[in-house]
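S.K.: The structure under discussion is supplied below as structure tokens; questions concerning it will follow.
The values are calculated or read from the model by the stated rules, or taken from the named source; none is laboratory data. Quick caveat: nothing in here was measured; it's all calculated off a predicted structure. Cβ placement follows ideal geometry from the backbone for every residue including glycine, while neighbour counts extend to all protein chains displayed. Ligands, DNA and RNA are stripped out before the accessible areas are found, and what is left, the full protein with its side chains, is counted by its heavy atoms. Shrake-Rupley method; radii C 1.70, N 1.55, O 1.52, S 1.80 Å.
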Amino acid sequence: MNIQSKPPHEPPRRIQVAPGDNVAIVVNSLGLPAGTAFPDGLVLNHFVPQGHKAALADIADGAPVIRYNEVIGTARGDIKRGDWINEDNVVMGTAPPLDRLEMATRPPPKPEPLTGHTFEGYRNADGTVGTKNILAISTSVQCVAGTMEYALKRIKAELLPRYPNVDDVVALTHAYGCGVAINAPQAVVPIRTLQNLAHNPNFGGEVLVVGLGCEKLVPERLLPEGKGAEQGGDILRMQDQDGFGANIAAILERVEARLKILNQRKRETVPASELIVGMQCGGSDAFSGLTANPALGYCADLLVRAGATVMFSEVTEVRDAIHLLTPRAATREVAEALVREMRWYDDYLDKGGVDRGANTTPGNKKGGLSNIIEKSLGSVAKSGTSAINAVLSPGEKVRGRGLVFAATPASDFVCGTLQLASGMNLHVFTTGRGTPYGLAAVPVIKVSTRSELAQRWADLIDLDAGPIATGEKTIEQVGWELFQLMLDVASGRKQVWADKWGLHNDLTLFNPAPVT
Ligand code: CA
């Protein structure tokens, strides 16, 4: 079947985001063929795939292409009204200069509080609240990863069934710890990530470190501050034991002692303000900025009103929209911190010989995103409309409440790992192209941008934001649905698909320091 030559199968639908835009997005799932006439007289000159842009007016060579009321590039050659616009006929501009931004000029006022919403969580001694009851075993070096895999099989088969109130046992394995420049200035990023990962609210405050014995990252560095070496049997070094069997026995013994403690925990009713939600997107398409991300942004505003903490991240997907964010900073210091993180990442990419344009994938482009500018403008819709209260460098622990920018790479696995270290107890992931992404440590709610994906992947997508594109639901409706779903998932009343299948991606550290 060649849809490109077939007549339209349903009334043609398009979405123009802002009145000043000179492009609109085709909504129809199979795209629209050349010759398609809209009621207002717009006639398509080419086949335009779903999610791709059609020109609403003639755009002369070099003139701006406008979506979200922002310039996403300039025309390469004359573009006629009704033409298909894609990465081939849009020239990407430079990122907004960092020295001419409005700094904390328009912080939104404190929103009306939203009260009465609760969830059932596990209260920790440090005041944080878990959405799961998990035992995490930290590791100080990659050398022990295989041992931990073996130990986990035994733990899950022999121990975990005896402690039904414990949801899971996970090993925080990674590729760091040795063979690295441990004293390099940027080594602070992977080290603090590992330190803070161990204290994620879903791990109940029980810290056990398994190390090798000769690694550069000494296991003591992963203990809570103020706790001495060996205190409470927190550290186990493989080189101290006689043989593999003795190591496994020692791990199982220490794990069981902690399972006994965690098994006594019970969920209790806590206010929604105890949620620490990490937001990100992956496999984005042109609908990300129309449906799932705006709905998540609306939900983020609800969370902020409820007193919760909400993190948005992904520096390369924020960089081109930074001029929209610095005015929203609560204070000048926060705006300066935003600029500091952007500048750090510009330099990081520059040293690697690329710029933020390296972010976009073939799938993004197939999904209608012409470049990183268009992708970023859709990505930051996740942040909603609240004041930005704080900025975290990669892997730092979250401070305060409200909307927080946690600077991370956009890579799904790296971003998720860093948000875990920052202390998220719930993750929301929007996707247009589709991904089975999941994390062992926290529930991941996956939201699709298009109904076609939600239907094809009905056993992977937790919430469909697609009906926003067809007008069947509003952004507000889906935002509220997501808010309720978050409370259900955080309470353990509903299980996300990634947890039903046990789909859990590896932790992936961000290490900007040299490997030796
Ligand atoms: Ca991502």
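S.K.: Give the number of residues within region 272-282 that are within 13 Å of the ligand (Cβ to nearest atom) and in a loop (DSSP other than H, G, I, E, B).
M.R.: 1
S.K.: Would you say residue 245 is open to solvent by 10 Å² or more (accessible area, probe 1.4 Å) and at positive phi?
M.R.: no
S.K.: Hey, another quick one. For residue 483, state whether it is open to solvent by less than 30 Å² (accessible area, probe 1.4 Å), within 30 Å of residue 336 (Cβ to Cβ) and modelled with pLDDT of 95 or more.
M.R.: no
S.K.: Can you confirm whether region 257-269 contains a residue that is assigned to a strand (DSSP E or B), farther than 30 Å from residue 370 by Cβ and touching a residue at least 24 places away in the same chain (Cβ under 8 Å)?
M.R.: Yes, some residue in region 257-269 is assigned to a strand (DSSP E or B), farther than 30 Å from residue 370 by Cβ and touching a residue at least 24 places away in the same chain (Cβ under 8 Å).
Quick grid of which residues meet (1) in contact with a strand residue (DSSP E or B) (Cβ under 6 Å, 6 or more places away or on another chain); (2) basic (Lys, Arg); (3) modelled with pLDDT of 95 or more; (4) closer than 24 Å to residue 509 by Cβ:
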site	(1), (2), (3), (4)
75	yes, no, yes, no
87	no, no, no, no
138	yes, no, yes, yes
147	no, no, yes, yes
172	yes, no, yes, yes
176	no, no, yes, yes
182	no, no, yes, yes
188	no, no, yes, yes
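S.K.: Related question: Within region 470-477, does at least one residue satisfy the condition of being touching a residue at least 24 places away in the same chain (Cβ under 8 Å) and either part of a loop (DSSP other than H, G, I, E, B) or within 19 Å of the chain's Cα centre (by Cα) (or both)?
M.R.: No - not one qualifying residue is present in region 470-477.
S.K.: What tally of residues in region 392-448 results from selecting those that are buried (at least 24 other Cβ atoms within 10 Å of the Cβ), closer than 14 Å to residue 509 by Cβ, near the ligand (Cβ under 10 Å from one of its atoms) and of a type outside the set (Val, Ile, Thr)?
M.R.: The total comes to 2.
S.K.: Among the residues of region 357-384, write down those that are open to solvent by 10 Å² or more (accessible area, probe 1.4 Å) and in a helix (DSSP H, G or I).
M.R.: Within region 357-384, 357, 358, 359, 362, 363, 365, 366, 373, 375, 377, 380, 381 meet the criteria.
S.K.: May I ask you to verify whether residue 349 is at negative phi and open to solvent by 10 Å² or more (accessible area, probe 1.4 Å)?
M.R.: Judged against the criteria, residue 349 is a match.
S.K.: Please list, ordered by first then second residue, the pairs with beta carbon atoms under 8 Å, 6 or more apart or interchain, first in region 411-424 and in the same structural domain as residue 438 (by TED's automatic domain parsing), second at pLDDT below 95 and near the ligand (Cβ under 8 Å from one of its atoms).
M.R.: 412/282
S.K.: Could you please let me know if residue 159 is at pLDDT below 95 and out of contact with any Pro (no Cβ under 9 Å at 6 or more places or on another chain)?
M.R.: no
S.K.: Can you name every residue in region 303-319 that is touching a Phe, Trp or Tyr at 6+ places or on another chain (Cβ under 6 Å) and surrounded by fewer than 24 Cβ atoms within 10 Å (Cβ to Cβ)?
M.R.: none
S.K.: Here is a further query. Taking the stated definitions as given, is residue 511 within 16 Å of the ligand (Cβ to nearest atom) and either touching a Gly at 6+ places or on another chain (Cβ under 6 Å) or part of a loop (DSSP other than H, G, I, E, B) (or both)?
M.R.: When the stated conditions are applied, residue 511 does not pass them.
S.K.: Let me ask something additional. Looking at (1) over 16 Å from the mean Cα position of the chain (by Cα); (2) surrounded by fewer than 24 Cβ atoms within 10 Å (Cβ to Cβ); (3) in contact (Cβ under 8 Å) with a residue 60 or more places away in the chain, find the lone condition where residue 466 falls short.
M.R.: Among (1) over 16 Å from the mean Cα position of the chain (by Cα); (2) surrounded by fewer than 24 Cβ atoms within 10 Å (Cβ to Cβ); (3) in contact (Cβ under 8 Å) with a residue 60 or more places away in the chain, residue 466 violates only (2).
S.K.: State all residues of region 105-130 that are of a type in the set (A, V, I, L, M, F, W, C) and within 13 Å of residue 271 (Cβ to Cβ); if no residue qualifies, say none.
M.R.: Selection gives 114, 119, 129.
S.K.: Looking at 165, 196, which one is more than 22 Å from residue 395 (Cα to Cα), outside the structural domain of residue 398 (by TED's automatic domain parsing) and open to solvent by 10 Å² or more (accessible area, probe 1.4 Å)?
M.R.: 165
S.K.: Scan region 132-152 for residues that are open to solvent by less than 30 Å² (accessible area, probe 1.4 Å) and of a type in the set (Ser, Thr, Tyr) and jot them down.
M.R.: 138, 139, 140, 147
S.K.: Still on this model: Tell me, yes or no, whether region 115-131 has at least one residue that is open to solvent by 60 Å² or more (accessible area, probe 1.4 Å) and either on the phi > 0 side of the Ramachandran plot or small (Gly, Ala, Ser) (or both).
M.R.: yes
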